[in-house]
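Below is one structure, written out as structure tokens; comments come after it.
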Amino acid sequence: MSHVCPICAVVLEPMPRYPRYVCENCATRAVTAEGRPLVFGNEGLSGGFIAQYADTGEPYDSHACWIDGIPCHADEHRFGGIVIEVLA
Ligand SMILES: [Zn+2]
């Protein structure tokens, strides 16, 4: 079992629940369709998903993001944190 980041091909730990997840480096380059940088996080210690524009801190009401022009989906990781996967 092995997993490589679908964007930069770095070798990662396989996560069967997230077969297309991207590495942390690529996740930091997530932007909106307009190219505005995004930041993702959890609402609180118990989880939850929040997304904001990195430049203004405004809420971003979507899970859709793009990394290097590749459409992706960001979501809450089941064990906390955020996971971003490329769309199939
Ligand atoms: Zn990567």
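Computed about the Cα centre, the dipole magnitude for region 23-86 is approximately 100 debye when only Lys and Arg (+1) and Asp and Glu (-1) carry charge, each at its Cβ.
Largest first, the residues HIS73, HIS3 sort by 1.4 Å accessible area into HIS73, HIS3. Dipole of the chain computed with +1 at Lys/Arg Cβ and -1 at Asp/Glu Cβ about the Cα centre; of MET1, LEU12, HIS77, farthest Cα towards the positive end is MET1. At q = 0.21, 0.22, 0.31, 0.32 Å⁻¹ the log10 of I(q)/I(0) for region 1-54 amounts to -0.90, -0.94, -1.08, -1.10, computed by Debye summation with a single uniform scatterer per C-alpha, solvent ignored.
With only Cα atoms counted, region 23-86 has Rg and Dmax values of 10.9, 32 Å. Its relative contact order, with pairs defined as Cα atoms under 8 Å and 6+ residues apart, puts the chain at 25 percent.
Whenever you get a sec, compute what percent of the accessible area on the chain sits on carbon and sulfur atoms (1.4 Å probe). Display every interim value, and only then the final one.
On the way: 2900 of 5480 Å².
Whole-percent figure for carbon plus sulfur exposure: 53.
Accessible surface for the chain, divided over its residues, is 62 Å² per residue with a 1.4 Å probe. Between MET1 and PHE49, how high is the FRET efficiency from 1/(1 + (r/R0)^6) when r is the Cβ-Cβ distance and R₀ = 30 Å? Nearest 0.05. The calculated FRET efficiency here is 0.65.
The values are calculated or read from the model by the stated rules, or taken from the named source; none is laboratory data. None of the values given here were measured: they were computed from a predicted structure. Glycine also receives a Cβ, built like all others from the backbone with ideal geometry; neighbour counts cover every protein chain displayed. Quick note on the areas: whole protein, heavy atoms, side chains included, nothing else; ligands and nucleic acids left out. Shrake-Rupley method; radii C 1.70, N 1.55, O 1.52, S 1.80 Å.
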